[in-house]
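Data block below; observations after.
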Amino acid sequence: MQSDEIFGAILEAVESYGADGNCLLTFSNVQCEEARIIHDRLCDPSNNLESRRFKFSFDSLSKTITVVLPEGIKAEPCGWLVSVFFITWARLVPAANFDVFQLLSETHKDFGYPYIGTIKEADSAIWLDESHWPFIVMEVGWSESLSRLRLNRDIWLQGSGGAVRVVIIVKFTRGETGVRGSLEISCQRDGEITRQTKSIWPITEEEDPYILLGDLYGSSLPEGYDGNIKLPLCLSLLRSRCKGRLKNIGLIPAE
């Protein structure tokens, strides 16, 4: 497909999208310059798409454009991250000006090797002060596959040159017995990537996952703070928020 055709297909899908429509569009074999032009056209104010809340991504390695249309369930993990930060973390982290962006965040086009030319925006992110890259990025999937979410994770961690310290993936899958959910946390720690995986549904007898204060700051941790302080992520709060959203659309969590 040519860039005009791809732009037209995206525009039509976004403008006509309904609750029972297709939430995920993908376009393959797209060159970097074509992707940039399509993205810039979609961002043109004359198209009146600012309130539509779709997410545009381009992976320069696979030459693939992905467009995710509004999915209500995405709002709950994003809101959960904000709640966890202000309720629990704010008293543990060094006093600073954190900016919290829910649902959609800034678009990044300046990823480094091997993702040069990639265009990405997170579902939710947390910045520290005036930093260019967020410290924490969240990717939430309903229609997107777990493998695609993990590719997104790699783009953030590697393409930012390590500036993005933590990526949280929340993935929901509809099954015969209800909706299954999983949470994955990947952190930059001592030059390596550490990972934790927890089940949201079905509920298992597991401790809450956590991020270390040192994971957030790395070598920039302010003097006098212990990098091993745990910043917990409360799964019961996440389950409570998401269960209510599922009920609204006639679904239940898997047991």
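The table below gives the values:
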read-out	value
Dipole in debye (nearest 20) - the chain, about Cα centre, beta carbon charges: Lys, Arg +1; Asp, Glu -1	640 debye
Rounded to whole Hz, the Karplus (6.51, -1.76, 1.60) HN-Hα couplings of segment 29-42, x for glycine and proline	6, 9, 7, 4, 5, 4, 4, 4, 5, 4, 4, 4, 5, 5
Global geometry of segment 115-217, whether rounded, prolate or oblate, following the gyration tensor of its Cα atoms and the 1.5 cut on a/c	oblate
For segment 134-148, Karplus couplings with θ = phi - 60° (6.51, -1.76, 1.60), whole Hz, Gly/Pro x	x, 6, 10, 10, 10, 10, 10, x, 10, 7, 6, 6, 5, 5, 5
Label zone at SER236 (point 7 Å along Cα-to-Cβ), backbone N below 19 Å, segment 162-188	183
Length released on extending from LYS63 to GLU130, taking residue separation times 0.36 nm less the Cα-Cα span	21.0 nm
Helical contribution to [θ] at 222 nm, DSSP H n ≥ 4, -39,500 (n - 2.57), averaged over the chain, rounded to 500	-8500 deg cm²/dmol
Förster-model FRET efficiency, 30 Å R0, ASN47 and ASP110, C-beta, rounded to 0.05	0.80
Under Karplus coefficients 6.51, -1.76 and 1.60, residue-wise ³J(HN,Hα) of segment 194-201 in Hz, glycine/proline x	9, 9, 10, 10, 10, 8, 7, 9
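Quick note: the coordinates plus some simple rules give every number you see, no bench work behind them. Quick caveat, the model's predicted, so the values are computed rather than measured. Note that each Cβ is placed from the backbone with ideal geometry, even for glycine, and that neighbours are counted across all protein chains shown.
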